[in-house]
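The values are calculated or read from the model by the stated rules, or taken from the named source; none is laboratory data. If you're wondering where the values come from, they're calculated on a predicted model, not measured in any experiment. Using ideal geometry, Cβ is built from the backbone for each residue, glycine included, and neighbour counts are taken over all protein chains shown. The area values use the complete protein model at the heavy-atom level, side chains included, leaving out ligands, DNA and RNA. Shrake-Rupley method; radii C 1.70, N 1.55, O 1.52, S 1.80 Å.
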Amino acid sequence: MSSMNIEYRRNGDYLVPNIELNQPPPLGKYGRMRRTFLKENCPVLYNHLLLSGKLYPHLAEIDQTAKDRLDRQMEELLKQNPAPDKAAQQMAWVQHMNALKMQAEEAILNELIYS
């Protein structure tokens, strides 16, 4: 039997073990969307990934890939459809950028999140 050296800290009259939970950084929007999709539509795959410890790395990879692809697609779409002058036409600029983002996100959601 192996001996474990656990350190304790005093909390009032009690000794509490110094245990830290290694939590990964929080997931972004696309990682959370993928998790919800898997949980609701692919429960077998979701449970397999969860039980094998591969769920969080999968979700983090999807999240990062989606963010990178969104940035690239936004740059390409802005080259094809330049935005109006932000200083002169603020609302038109916001509408234009939102439309481009929705267009780029639609492709990302279909390819990465909901597949």
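Provide the per residue accessible area, probe 1.4 Å, for the stretch 31-115, rounded to a whole number of square angstrom.
Values: 5780 Å² over 85 residues.
Accessible surface, normalised per residue, equals 68 Å².
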Rounded to two decimals, the Debye log10 I(q)/I(0) of the stretch 66-109 (Cα scatterers, no solvent) at q = 0.19, 0.23, 0.33 Å⁻¹ is -0.55, -0.74, -1.12
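Calculated FRET efficiency, K101 and K79, Cβ-Cβ r, R0 22 Å, to nearest 0.05?
Values: r = 15 Å, r/R0 = 0.68.
Calculated value: 0.90.
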Between the residues N47, G12, A92, the Cα farthest towards the positive end of the dipole of the chain, that dipole coming from +1 and -1 charges on the beta-carbon of Lys, Arg, Asp and Glu, is from G12
Percent of all Cα-Cα pairs per 5 Å bin for the stretch 1-46, counting from 0 up to the last occupied bin, reads 5, 15, 11, 12, 11, 8, 7, 15, 13, 2
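Which order do the peptides 13-19, 64-70, 80-86, 37-43 come out in when sorted by mean C-beta neighbours inside 10 angstrom, highest first?
Values: 13-19: 8.3, 64-70: 15.7, 80-86: 11.6, 37-43: 13.3.
Per-residue mean Cβ counts within 10 Å order the peptides as 64-70, 37-43, 80-86, 13-19.
In debye to the nearest 20, how big a dipole does the chain give about its Cα centre with +1 on each Lys and Arg Cβ and -1 on each Asp and Glu Cβ? Mind showing how you got there, number by number?
Working: 14 positive and 14 negative charges, 29 e Å.
Value, rounded to 20: 140 debye.
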For R72 the rounded accessible area (nearest 10 Å², probe 1.4 Å, non-protein molecules ignored) is 130 Å²
log10 I(q)/I(0) for the chain, Debye formula on C-alpha points only (no solvent), q = 0.24 Å⁻¹, two decimals, reads -1.24
With a 1.4 angstrom probe the carbon and sulfur portion of accessible area for the chain, in percent, totals 53 percent
Accessible-area order for S115, S52, largest to smallest, probe 1.4 angstrom, reads S115, S52
K67 and W93 label points (each 7 Å along its Cα→Cβ direction) are spaced in nm at 2.4 nm
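Around R35, what is the net charge, scoring Lys/Arg as +1 and Asp/Glu as -1 over all other residues with Cβ under 13 Å from its Cβ? Show your work: numbers first, answer last.
Working: positive: K29, R32, R34, K39, K54; negative: E40, E61, D63.
Value of the local net charge: +2.
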Excluding near-sequence neighbours (fewer than 8 apart on one chain), the stretch 29-115 holds lysine pairs with C-alpha atoms under 19 Å apart numbering 9
